[in-house]
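As structure tokens, the structure follows; a few thoughts come after it.
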């Protein structure tokens, strides 16, 4: 049963690497992806991070609620699989282009105002 959870955690690390574009062990990857994850999903990941040391110990493993941990793994997996990396990439490009266009509009407007103020237009 615990081996299944370890395999699920490894799969989560791969999903975090491929979908959320963060690397490292589960705790590090969740920390890096924190602002991109909903609070509920992040807390489920933190529950798994806190359970990892207990899962490695045979007697302490019995104190954990494995059904709840499997539910957390399932929830994290479903959220990470729903992330569309191509759409995210397009969103980033559009954000950059929007910022550039806004900056150009502000500069052009200020140029017109200064030229009008100085009497050239």
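Values quoted throughout were computed directly from the atomic coordinates according to the rules given, and no laboratory measurement underlies them. Small disclaimer: the values here were computed from a predicted structure and weren't measured. No Cβ is skipped: glycine too gets one built from the backbone with ideal geometry, and neighbour counts run over all protein chains shown.
Brief remarks follow.
- Note on 109, 28: ascending count of other Cβ atoms within 10 Å places them as 109, 28, the fewest first.
- For the chain, pairs of C-alpha atoms spaced more than 26 angstrom apart make up 42 percent of the total.
- Put simply, the convex hull of the Cα atoms in the range 24-80 casts, on average, a shadow of 3.8 nm².
- Rounded to 10°, Cα long-axis angle of helix 85-118 versus longest principal axis of the chain: 20 degrees
- Each stretch of four or more DSSP H residues adds -39500 (n - 2.57); spread over every residue of the chain, this sum gives -26000 deg cm²/dmol at 222 nm.
- Here 101, 22 are placed in order of increasing Cβ neighbour count within 10 Å, fewest first, which gives 101, 22.
- Euclidean distance of C-alpha centroids, the range 38-117 and the range 1-37, integer Å: 12 Å
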